[in-house]
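Below is one structure; the comments refer to it alone.
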Amino acid sequence: MKEAELIDAIEKLNLQNINLLNSKEYKIGEEICKMKILLKQFKIITILKKFINKKKRKKINNYIDHEETQNNFTYKKQNIENPKIVIYTCITGGYDKLISPLLKFDNIDYIAFTDNKNEDNKEWKIKDIPEDIKKINDNILINRYIKFHPYELFGQDYDFSIYVDGNIKIISNLKDMIYAINEKTGLAMHRHYLRDDICNEIETCRILKKGNYEKLKEQVDNYKKEGFPNDFGMLECGVIVSNLKNKKGNEILNSWWKEFQKSESKRDQIALPYIIWKQGYEIKDVGCIGLNAHKNPKIMLKLHNT
């Protein structure tokens, strides 16, 4: 079997698995099995928490801008001769355990930054957090600094970088994602599969207790005062594809870092649309690597450790 045929078969199998795990029947069965185990163990508090989480999910439905997008998306291959590509991730404070790629490809380097000295993973090249970045002294900010500064970390050695969150398992060859980059911005990401409006996003964060809601509200109110439009669009930030030779992309990422740090909200998805708008771009000027990160057959999203 040729490599391309193998990759295609693996992606189709992964997509079938994703669809199964997201099916209504599977989720109902999974809940019933979990409840049976909890009842046997008399974990009443955990059961109550599950009911509370269900109520939260119902509330979130009030802040969904459109029906869940399917991922129906393909990459248009371009003639990029021998691109030097690095896939990288960053795990700090034990938030995730490093996940091995299902497949590795010889023309791509896999680098993981971590503060876990005991991390041992043959599939990733393990690197310590650089000392000057450690001085930030905040695990979330350290992660985001590395996430937003691929040019600083890799610009001398690579043409393209692909950042992946620590909870993402790489299933296939991500090389094709570089073909999705829009050279206006030098970047490509997934579109948000449920929301277009950061106002609805922060209300979802409030319900799920993610980030600092007071800071998020202040952040969005300030954007609105500047004229930031409703329904500008949103992006999923778990995978970021960058052309390291594109100065505009580096500028957007650096501005994103500064805005995220200034906001103190701990949620990077909110600042990015504002930065894109502030610099005179539209969401469509960021290349699209998929319409739904949760259903992209090239990757698998897992739950965070915490």
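The values are calculated or read from the model by the stated rules, or taken from the named source; none is laboratory data. All values derive from a computational prediction rather than experimental measurement. For neighbour counting, all protein chains shown are included, and Cβ atoms are generated from backbone atoms with ideal geometry for every residue, glycine included. Only protein heavy atoms, including side chains, enter the accessible area calculation; ligands, DNA and RNA are left aside. Shrake-Rupley method; radii C 1.70, N 1.55, O 1.52, S 1.80 Å.
Taking a ≥ b ≥ c as the square roots of the eigenvalues of the alpha-carbon gyration tensor, the chain is classed rounded because a/c is under 1.5. The chain: longest stretch without exposed trypsin sites (Lys or Arg not before Pro) (DSSP loop, at most 11 other Cβ within 10 Å), sites themselves excluded? Counting at most 11 other Cβ atoms within 10 Å as exposed, the longest clean stretch of the chain is 210-306.
The distance linking segment 229-306 with segment 155-194 is 11 Å (Cα centroid to Cα centroid, whole angstrom). Assuming a ≥ b ≥ c are the square roots of the Cα gyration tensor eigenvalues, decide whether segment 45-187 counts as rounded (a/c under 1.5), prolate (otherwise, with a/b larger than b/c) or oblate. Because a/c hits 1.5 or more and a/b fails to exceed b/c, segment 45-187 counts as oblate. Rounded, prolate or oblate for segment 86-157? Axes are the square roots of the Cα gyration tensor eigenvalues, ordered a ≥ b ≥ c, and the cut-off for rounded is a/c under 1.5. In terms of gyration-tensor shape, oblate.
Each residue was assigned an accessible area with a 1.4 Å probe, and for Cys199 the value is about 40 Å². Straight-distance candidates among the aspartates and glutamates for linking to Lys247, with alpha-carbon spacing under 13 Å and chain neighbours fewer than 8 residues away dropped: Glu152, Asp159, Glu183.
Computed across segment 232-306, the Kirkwood hydrodynamic radius from all distinct Cα-Cα pairs reaches 13.8 Å. What a 1.4 Å probe finds exposed on the chain is 49% carbon and sulfur by accessible area, rounded to a whole percent.
For the chain, the per residue solvent-accessible surface stands at 55 Å², with DNA, RNA and ligands left out and a 1.4 Å probe.
A 1.4 Å probe over all protein chains sorts Leu194, Leu216 by accessible area into Leu194, Leu216, starting with the largest.
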